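These notes are about the structure you will find just below.
The values are calculated or read from the model by the stated rules, or taken from the named source; none is laboratory data. Keep in mind the model is a prediction, meaning the values are calculated, not measured. Glycine gets a Cβ as well: all are built from the backbone with ideal geometry, and neighbour counts include every protein chain shown.
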C-alpha cells in the first residue's frame, strides 16, 4: 500500500498493491500495521456498505459529536468521492478535495474526523464500502449542502442528482455547525 498526498494534507488516497494474473486479482484492502506505517494509527469500529444507482448523491455527512474518520472504497462501479474540511482552526477550513474511486482503480480514500463526506455515483450503479472510527449517532449527524455556492464542488453529475430528504436540506457552510 502507498499513500498519495492530496491538496488537504490529512486526506489521503491509498493505493493497494494489486496482484493479478489470468485468474483475477488479489489485494489487501485493510492491513492495520501498514496503515499505521502510513500514519493512520486508528481503530475502526464499524463497517458500512451501500449500493446506489447512477446520479445518486449521498452527503455531505458528518457527526458534530463523535466525529468519524472513514476509510472508503468502491467494490463495484465508480463514484466521485468528496471530503470537506470543517475544522475552523485548520488552514484548509472550507476547502474540499474530490477523487474518482472505482472497483477498477481500487483506490481508497482516508477521510479524517472533522470532515464532511459525500459521493455521487458516476457509473450505472456503485457499491460503496467504508470503515468508521466511531459509531453512527443519528442525533449528532449533520449534513452540509452538496450544492453550497461557497464550496463550488465540481460534482460530475448527469443532470439533477437523486437525493435523500436530509441531503436536500443540508446547511450551507456559513450556517453549518463546524468543529473548533
Quiz item: Going through the range 16-39 one residue at a time, which ones are within 18 Å of the chain's Cα centre (by Cα) and touching a residue at least 60 places away in the same chain (Cβ under 8 Å)?
Solution: 16, 29, 30
Quiz prompt | Hits in the range 148-165 - residues which are at pLDDT 95 or above and exposed (fewer than 15 other Cβ atoms within 10 Å of the Cβ) | solution = 149, 150, 152, 154, 156, 164, 165
Quiz item: Going by the structure shown, is residue 98 in contact with a strand residue (DSSP E or B) (Cβ under 8 Å, 6 or more places away or on another chain) and at positive phi?
Solution: no
Self-check item: Residue that is touching a helix residue (DSSP H, G or I) at 6+ places or on another chain (Cβ under 8 Å) and either surrounded by 14 or more Cβ atoms within 10 Å (Cβ to Cβ) or in contact (Cβ under 8 Å) with a residue 40 or more places away in the chain (or both), where the choices are 11, 42, 82
Solution: 42
Quiz prompt | Odd one out for residue 97, checked against (1) surrounded by 16 or more Cβ atoms within 10 Å (Cβ to Cβ); (2) within 15 Å of the chain's Cα centre (by Cα); (3) touching a residue at least 60 places away in the same chain (Cβ under 8 Å); (4) more than 25 Å from residue 43 (Cβ to Cβ) | solution = (4)
Exercise. Identify, by number, the condition in (1) more than 15 Å from residue 110 (Cβ to Cβ); (2) surrounded by fewer than 11 Cβ atoms within 10 Å (Cβ to Cβ); (3) touching a residue at least 60 places away in the same chain (Cβ under 8 Å) that residue 61 doesn't meet.
Key: (2)
Quiz item: residue 104 fails exactly one of the following numbered conditions: (1) part of a strand (DSSP E or B); (2) out of contact with any helix residue (DSSP H, G or I) (no Cβ under 9 Å at 6 or more places or on another chain). What is the number of that condition?
Solution: (1)
Self-check item: Selected residue (only one of 93, 80, 44 is in a loop (DSSP other than H, G, I, E, B) and more than 19 Å from residue 132 (Cβ to Cβ))
Solution: 93
Quiz item: If you go through the range 144-156 one residue at a time, do you hit one that is assigned to a strand (DSSP E or B), within 20 Å of residue 11 (Cα to Cα) and within 17 Å of the chain's Cα centre (by Cα)?
Solution: yes
Quiz item: Among the residues of the range 106-124, is any over 24 Å from residue 7 (Cβ atoms), more than 14 Å from the chain's Cα centre (by Cα), surrounded by fewer than 19 Cβ atoms within 10 Å (Cβ to Cβ) and touching a residue at least 60 places away in the same chain (Cβ under 8 Å)?
Solution: yes
Quiz prompt | Qualifying positions in the range 131-143 - surrounded by 15 or more Cβ atoms within 10 Å (Cβ to Cβ) and part of a helix (DSSP H, G or I) | solution = 140
